[in-house]
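Quick note: the coordinates plus some simple rules give every number you see, no bench work behind them. This structure is a prediction, so every number in the text was calculated from the model and none was measured. Here Cβ is always computed from backbone atoms with ideal geometry, including for glycine, and neighbour counts include all displayed protein chains.
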């Protein structure tokens, strides 16, 4: 595929609006509380009965953090009391057992991800015990061929802890950094030196971790092109396999910690755009490929290879190389996808405990997809991963006439075609280099749930 990208600032300004990040379709905003435990058990049973059952992907949410990062919008519990993890793990083990009983043991876990919060809030013994419990209820791979990843706070790990993680089965790590500038770190309450991050990365390499990802964020208080260029230089020097560069969305009404950030310290929309443009140019010149959205990867990284081969996928963890998995979300707030339907656990810790103690799956909400949802999901996934639609292949698979079914959508896309975001042919819809940064906008045209507006989402840029 053509991976060329054109940065057109005027075009970006024109199309910059709030919209979903499409880690699912329908998005979590469409989840509702009418999904029951009986529904979920039915989905699990059906997934087992498939002639060739899908492999499994497990996501475990560890909500605890020692300190609060002011920019954070994740579901978390901020505490210095590490003993609070004990009760949580006891309940997590019960949920793992309940979930494990629903899925056949011959279904291999191809992906495992611990997120948070800060998973490395757990001590070494707890990490080993949790992994042991997972293995007792699910079939993990033993050949290091799965994608087993964990989010790392470099401030909470050393070589010894990394060794524990590697021996436990993890082969990928993701490091939260956001920015290396000391003043910016102070403004967002996350003090973390470049030397500390480099040391963790080098230790991970020496222990045989297959992939290292670093998360950065643009749009933070006090950021300028000059400050962020230094962060980029330091990041590239560390040489991670992947770099995620997220757009900071300032939503203090929704996320209380963000109220500690002074709005007057935030870069203006034009300054943010300049930072983004510089970031794309710098990382491209440094040998990284723009995968899409906020992801960059080395040419030999798995994401880049999957995109070239047409097998790239997107789920709640972002871009993925596995599209053939049922995703089981475990822990408070976790989201799952089983048998083409979505579910989410309760987001309140005490309610999570109450439901587990009652012997119930801690479900809160979800959505059962209709055929039109499935069709639109495939279209959005193809666009956001590969920037192209093979219309004839879609028509053959779904037994419909694309132009007739999506007549209003095609009319809406004509203006994007005129602006150079994409080309429209009878047999193909192709994103163009100027449209790669605005692929969310193209996807939004096919989102039937946005007809009433797209409020409540972050800005595209």
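Mean 1/r over all different Cα pairs, inverted: what Kirkwood radius does the stretch 303-350 give, in Å?
On the way: mean 1/r = 0.0834 Å⁻¹.
Result for the stretch 303-350, one decimal place: 12.0 Å.
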Taking R0 as 22 Å, what's the FRET efficiency between residue 397 and residue 49 from their Cβ-Cβ distance, rounded to 0.05?
0.50
Please sort 206-216, 71-81, 403-413 by packing, taking for each peptide the average over its residues of neighbouring beta carbons within 10 angstrom, highest first.
206-216, 71-81, 403-413
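Please sort 167-175, 122-130, 284-292 by packing, taking for each peptide the average over its residues of neighbouring beta carbons within 10 angstrom, highest first. Present the calculation step by step, with values, prior to reporting the outcome.
Values: 167-175: 20.7, 122-130: 16.2, 284-292: 17.8.
Per-residue mean Cβ counts within 10 Å order the peptides as 167-175, 284-292, 122-130.
Could you work out the relative contact order of the stretch 1-108, using alpha carbon pairs under 8 angstrom and six or more residues apart, expressed as a whole percent? Don't skip to the end; give the middle numbers.
Details: 36 pairs, mean separation 27.9, N = 108.
Across the stretch 1-108, relative contact order equals 26 percent.
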Using 10 Å bins from zero, what percent of all Cα-Cα pairs in the stretch 1-110 falls into each bin?
9, 22, 30, 23, 14, 1
Once you have all Cα-Cα distances for the stretch 220-330, histogram them in 5 Å bins from zero and send the whole-percent values.
2, 10, 18, 17, 16, 15, 12, 7, 2, 0
Relative contact order for the chain: what percent, with Cα pairs under 8 Å and sequence separation of 6 or more?
22
Taking just the C-alpha trace of the stretch 126-171, give me its Rg and Dmax in Å.
11.1, 32
Sort 241, 10 so the one with the fewest other Cβ atoms within 10 Å of its own Cβ comes first.
10, 241
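Where the eigenvalues come from the Cα gyration tensor of the stretch 117-264, what are the semi-axes √(5λ) of the equivalent ellipsoid, largest first, in whole Å? Mind dumping the intermediate values first?
Values: eigenvalues 186, 65, 34 Å².
With the √(5λ) rule applied to the stretch 117-264, the semi-axes are 30, 18, 13 Å.
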Taking the convex hull of the alpha carbon atoms in the stretch 74-162, what volume per residue do you get, in Å³?
117
Under a no-solvent Debye model with one identical scatterer per Cα of the chain, what's log10 I(q)/I(0) at q = 0.07, 0.11, 0.13 Å⁻¹?
-0.35, -0.93, -1.35
Exposure-ranked with fewest Cβ neighbours within 10 Å first, 184, 442 stand as 184, 442
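Give me the mean projected area, in nm² to one decimal, of the convex hull enclosing the Cα positions of the stretch 47-124.
On the way: hull surface 25.8 nm².
Reported value for the Cα convex hull: 6.5 nm².
What is the Cα convex hull volume of the stretch 313-461 when expressed per residue in Å³?
Details: hull volume 20.7 nm³, N = 149.
Hull volume normalised by residue count: 139 Å³.
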Dividing the alpha-carbon radius of gyration of the stretch 362-419 by 2.2 N^0.38 Å (N being the number of residues), what value is obtained?
1.37
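Can you sort 381, 235, 224 so the residue with the fewest Cβ neighbours within 10 Å comes first?
Numbers: 381 19, 235 25, 224 14.
With the fewest neighbours first, 381, 235, 224 line up as 224, 381, 235.
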With label points set 7 Å from each Cα along the Cα-to-Cβ direction at residue 123 and residue 6, the distance between them in nm comes to 5.9
Round to a whole angstrom and tell me the spacing of the C-alpha centers of the stretch 100-173 and the stretch 178-202.
25
